[in-house]
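What follows is a set of notes on a single structure, which appears directly below.
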Amino acid sequence: MDKKIILVTGATSGLGREEARAFLKQGHTVVLHGRNRDKALTVQKELITETGNSEVEVLIADLESLASVKRMTEEFTAKYDRLDVLVNNAGNQYGGTWAATAEGHEKTMTVNLFAPVLLSLLLIDSLKKSRHGRIVTVSSASHAQGGRPYLGDIELKDHYSYIRAYGLSKLYVIWAMRALRKHLSAQGVESIDVNTTHPGMAKSSLGETDQRPWLLRPVFALAYLFGTSTEKGAQPTIHAATAPEIEGLSDRYYGPKGEKKVSERYYTPENEKAVWDYCLKVLDPYLS
Ligand SMILES: NC(=O)c1ccc[n+]([C@@H]2O[C@H](COP(=O)([O-])OP(=O)(O)OC[C@H]3O[C@@H](n4cnc5c(N)ncnc54)[C@H](OP(=O)(O)O)[C@@H]3O)[C@@H](O)[C@H]2O)c1
């Protein structure tokens, strides 16, 4: 087996914890990202007991802070000479009203779009050192439910709603990952696969927040009842990260039933470029 170094964001609960567990069981080294050190250290211990593989290290960053994301990549590169797979799993849902991070960006877009793009860009050199690298980003079937994009207002200052922010962040991150693949090709880098996944509806703590609009709570509670296990929900991402037969493939979107088509309702190359350019503008202070 090709033993890999795999960084999983949001590995302290739900799908990310399950993905980390699967990678350890497969014999890989896992770098487990969390935002709360005590929680991450507890999960680290549990995973060692559950898998018998002690090659799991912890990195801490709050993805609401792009400066914190940058610090985390510096810690990673100081310790590891290469990265084989980056799994951008962490994601979040916020409340019914627009809210900004301490750095001034809308929270949903920061955690679900800007942070994974920044992490990917800052870890490209480490991924280039892999025999064949992979970037896997967890999107959602909700990418088709955010309605029409507002490309002049990507952070939704004037168009915010809970559903729109989450849905559009998951659509934009698919477009941004496709744009990233093009950006790599333009630099002659073909040794890194870039793909996205969706877990279906899995029972996790996603969106367990008092801020969720109360009208929507019964809808989510009902959907939760019909949700699958995190073990099943994690499978598309585990597949995209490690299945040998898909090495070399990019721009794929994997779900619980295999490869799936992304909703192209609002896709145009110009829209994809607008999202990518906006990400680069936001991330510019953190990229050097
Ligand atoms: N569950 C589903 O049905 C479903 C469906 C579609 C897509 N997804 C996507 O799947 C991914 C995993 O979600 P999940 O369902 O496993 O939810 P979860 O149980 O809430 O796990 C989310 C993970 O992300 C971390 N996280 C959230 N905000 C963060 C921040 N600001 N900084 C650092 N880490 C942060 C959480 O850390 P803590 O442990 O500290 O909270 C946790 O480890 C997300 O991208 C989500 O959008 C899930």
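The values are calculated or read from the model by the stated rules, or taken from the named source; none is laboratory data. On a predicted model such as this, the values are computed, not experimentally measured, just so you know. Cβ: placed from backbone, ideal geometry, glycine included. Neighbour counts: every protein chain shown.
Values for this structure:
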item	result
Unmet requirement for L113, which otherwise passes all of (1) within 16 Å of the ligand (Cβ to nearest atom); (2) in a loop (DSSP other than H, G, I, E, B); (3) surrounded by 21 or more Cβ atoms within 10 Å (Cβ to Cβ)	(2)
Pair list, Cβ < 7 Å and 6+ apart or interchain, from the range 101-116 residues that are at negative phi to residues that are within 10 Å of the ligand (Cβ to nearest atom) and among the aromatic types (F, W, Y)	K107/Y94; T108/Y94; T108/Y166
Test: residue in the range 61-68 that is loosely packed, with under 15 Cβ neighbours inside 10 Å and either farther than 30 Å from H105 by Cα or modelled with pLDDT of 95 or more (or both)	yes
Residue list for the range 196-212, restricted to those being among the β-branched types (V, I, T), modelled with pLDDT of 95 or more and either assigned to a loop (DSSP other than H, G, I, E, B) or more than 14 Å from the chain's Cα centre (by Cα) (or both)	none
Residue match in the range 61-73 (condition: farther than 25 Å from L168 by Cα and in contact with a strand residue (DSSP E or B) (Cβ under 8 Å, 6 or more places away or on another chain))	yes
Which listed residue, of Y150, Y166, is modelled with pLDDT of 95 or more, away from the ligand (no atom under 13 Å from the Cβ), closer than 26 Å to L66 by Cβ and among the hydroxyl-bearing types (S, T, Y)	Y150
Top-ranked residue of the range 149-182 - restricted to ones that are in contact with a Leu (Cβ under 9 Å, 6 or more places away or on another chain) and among the charged types (D, E, K, R), ranked as surrounded by the most Cβ atoms within 10 Å (Cβ to Cβ)	K170
Residue in the range 122-138 that is of a type outside the set (S, T, N, Q), farther than 15 Å from S250 by Cα and within 12 Å of the ligand (Cβ to nearest atom) present	no
Total residues in the range 217-231, condition more than 10 Å from the ligand (Cβ to nearest atom) and closer than 26 Å to R252 by Cβ	2
Residue within the range 182-195 that is outside any helix (DSSP H, G or I), of a type in the set (A, V, I, L, M, F, W, C) and within 10 Å of the ligand (Cβ to nearest atom) present	no
Qualifying positions in the range 224-260 - surrounded by 14 or more Cβ atoms within 10 Å (Cβ to Cβ), in a loop (DSSP other than H, G, I, E, B) and among the basic types (K, R)	R252, K260
Positions within the range 261-283 being of a type outside the set (G, A, S), in contact (Cβ under 8 Å) with a residue 40 or more places away in the chain and in a helix (DSSP H, G or I), in sequence order	N271, E272, K273, V275, W276, Y278, C279, V282, L283
Given (1) modelled with pLDDT of 95 or more; (2) of a type in the set (S, T, N, Q); (3) away from the ligand (no atom under 14 Å from the Cβ), index of the condition T97 fails	(1)
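Condition check ((1) closer than 23 Å to S205 by Cβ; (2) of a type outside the set (S, T, Y)) across all residues:
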position: A40; (1), (2): yes, yes
position: T51; (1), (2): yes, no
position: S54; (1), (2): no, no
position: V69; (1), (2): yes, yes
position: F76; (1), (2): no, yes
position: A99; (1), (2): yes, yes
position: K107; (1), (2): yes, yes
